[in-house]
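To keep things clear, I will list the structure first and then write my remarks on it.
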Amino acid sequence: MIKKETAGARGEIKAFLGEGTEFKGILTFEGTVRVDGKLEGEIYTKDTLIVGESAQINAEINAHTVVVSGSLRGNVAATGKVEVLRPGRLFGNIKTPVLHIEEGVIFEGSCSMAQGEGKVSSLEERKGAADQEEQAKVGKGD
């Protein structure tokens with residue numbers, strides 16, 4: 001069987017969470033990472049996330065490129081592109097300038113597409129924004 005290779009999948013894979021692997025928490029990485037196991041939490045990268053056919057992901061994702069062939073539940077913000085390939089299933093909202101959905105996949109959610117939507121926020125930036133919101137609430141005397 002010949003596996004098709006997408007543009008996002010051509011880079012060297014730096015890490016791999018194989019089938020049978022389970023991970024809960026916050027995943028940050030550089031380079032291309034492929035997930036074929038179960039992952040729950042948050043994912044942050046300025047590079048590529050590949051969701052393999054056997055993957056079951058329940059996460060909020062901020063990435064440059066996301067390629068989905070497995071099951072993904074959660075919102076995806078991508079500065080590059082999102083590809084959903086057969087037999088992929090994506091349940092959540094997508095924000096990306098480029099979207100490719102193959103015939104035969106399942107996508108339930110909404111999609112917002114605009115060029116220059118900004119950059120991928122890092123975990124530290126998100127924590128800083130949350131801290132600022134909390135300080136603003138305290139300052140108002142809630």
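The numbers here are math on the coordinates, done by the rules we state, and not lab data. Quick caveat: nothing in here was measured; it's all calculated off a predicted structure. Ideal geometry is used to build each Cβ from the backbone, glycine not excepted, and the neighbour counts take in all protein chains shown.
What does the extension gain come out to for V98 and E19, with contour length at 0.36 nm per residue minus their alpha carbon separation? Intermediate values should be presented prior to the final figure.
Details: separation 79, 0.36 × 79 = 28.44 nm, distance 2.86 nm.
Length gained between V98 and E19: 25.6 nm.
Count of lysine pairs in region 27-119 with Cα atoms under 15 Å apart, counting only pairs 8 or more residues apart in sequence or on different chains? Each step should come with its number before you reach the end.
Values: K46/K81; K46/K95; K46/K119; K81/K95; K81/K119; K95/K119.
Lysine pair count for region 27-119: 6.
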(message) Using amide H atoms built in the peptide plane, which far-off residues or other-chain residues are under 5 Å from F107 H to H?
(response) L90
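At a 10 angstrom cut-off on C-beta neighbours, averaged per residue, how do the peptides 76-88, 24-36 rank from highest to lowest? Kindly include the intermediate steps, with their values, before the conclusion.
On the way: 76-88: 20.9, 24-36: 16.4.
Put in order of decreasing packing, that is 76-88, 24-36.
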(message) Can you list residues from other chains, or at least 5 along the same chain, whose modelled amide H is less than 5 Å from the amide H of R73?
(response) I57, N58, A59, F91
